[in-house]
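The values are calculated or read from the model by the stated rules, or taken from the named source; none is laboratory data. Please read all numbers here as calculations on a predicted model, not as lab measurements. Cβ: placed from backbone, ideal geometry, glycine included. Neighbour counts: every protein chain shown.
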Amino acid sequence: MIWNENAECMEREEKKELQLALFQQQVKRVYENVPFYKKKFDEAGFHPDDLKTLDDVSKIPFTTKADLREAYPFGLFAVPDDEIIEIHSTSGTTGTPVVSGYTQKDIDIWGECTARAIAMAGGDKNSKIQNSYGYGLFTGGFGIDHGAKAMGATVIPMSAGNTARQLKIMEDFQSDILTCTPSYAMYLAESLEKEGYAADDISLHAGIFGAEMWTEEMRNSLEEKLGITAHNI
């Protein structure tokens, strides 16, 4: 299914023109508003005016994980603090956490992108989405939440864990789309079997899984055990 026909069915050349215009706008924005990027671009001999085609992306210096950590917490924000309405962060288990700030426009774009993913998986305003990605500083749960609400679907904000309750809610609320990491989806599928649930006890038809690597074997197993079509996000 398609959520935004104008964007998703745009002619390739028209899309390239739009990508270039938005890319030029963004590069100019960070150069003028984020001292880190001005310094990095200047040191590399790059100026936003040098970006004339999409191929010119090769002229822009890389932003590394070390750069993101060095900018902790708010060194890469391009807007005043009073425009930030939501903040997320990585766990920092391998080093300094990486922080992301979101304006209302960012949230709207985020919701638009995930709404497209949900529609691609067969979701619409009548869907009941059991969102078992973690809610909190991790972005996973909120991305699906924003997208589902953008399309008018019903969100069941389970977050991760509490597997017995997950299964009970899945049965009682007749959730039809499951969103979570593929490893947790596999655990839920195995728990369904252990707890004696029958295939027709649940109403799932699709799963939207991501945030970690998974194999084609896992996909096939999830589809068989849960009776779904499994999608990567």
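Remark: T179 matches the filter, which requires a residue to be within 20 Å of M218 (Cα to Cα), touching a residue at least 12 places away in the same chain (Cβ under 8 Å) and in contact with a strand residue (DSSP E or B) (Cβ under 6 Å, 6 or more places away or on another chain). Taken as a whole, the structure leaves Y197 outside the set of residues that are buried (at least 21 other Cβ atoms within 10 Å of the Cβ), in contact with a helix residue (DSSP H, G or I) (Cβ under 7 Å, 6 or more places away or on another chain) and assigned to a loop (DSSP other than H, G, I, E, B). When restricted to residues that are hydroxyl-bearing (S, T, Y) and within 17 Å of S159 (Cβ to Cβ), the range 181-233 contains 5. Quick check: anything in the range 106-115 in contact with a strand residue (DSSP E or B) (Cβ under 7 Å, 6 or more places away or on another chain), outside the structural domain of E83 (by TED's automatic domain parsing), touching a residue at least 40 places away in the same chain (Cβ under 8 Å) and among the hydrophobic types (A, V, I, L, M, F, W, C)? Taking every residue of the range 106-115 in turn, none turns out to be in contact with a strand residue (DSSP E or B) (Cβ under 7 Å, 6 or more places away or on another chain), outside the structural domain of E83 (by TED's automatic domain parsing), touching a residue at least 40 places away in the same chain (Cβ under 8 Å) and among the hydrophobic types (A, V, I, L, M, F, W, C). For beta carbons closer than 7 Å, sequence separation of 6+ or different chains, a first residue in the range 35-50 that is free of Cβ contacts under 8 Å to residues at least 40 places away in the same chain and a second that is loosely packed, with under 15 Cβ neighbours inside 10 Å and part of a helix (DSSP H, G or I), the qualifying pairs are F46/K59; P48/K28; D50/K59. Within the range 85-126, the set of residues being modelled with pLDDT under 95 and in contact with a helix residue (DSSP H, G or I) (Cβ under 6 Å, 6 or more places away or on another chain) comprises G95, T96, V98. If you scan the range 149-162, which residues turn out to be buried (at least 17 other Cβ atoms within 10 Å of the Cβ) and within 13 Å of S132 (Cα to Cα)? The answer is V155, I156, M158, A160. Each residue in the range 78-119 was checked for being farther than 13 Å from A148 by Cα and of a type in the set (G, A, S), and 7 of them qualify.
Only one of the numbered conditions (1) within 14 Å of C180 (Cβ to Cβ); (2) in contact with a Cys (Cβ under 9 Å, 6 or more places away or on another chain); (3) without any contact (Cβ under 8 Å) to a residue 40 or more places away in the chain is not met by G161, and that is (2). Taking the range 9-89 and the helices (runs of 4 or more DSSP H) fully enclosed by it, the elements with 1 or more residues that are surrounded by 13 or more Cβ atoms within 10 Å (Cβ to Cβ), of a type in the set (V, I, T) and out of contact with any Ser or Thr (no Cβ under 7 Å at 6 or more places or on another chain) are at 12-33.
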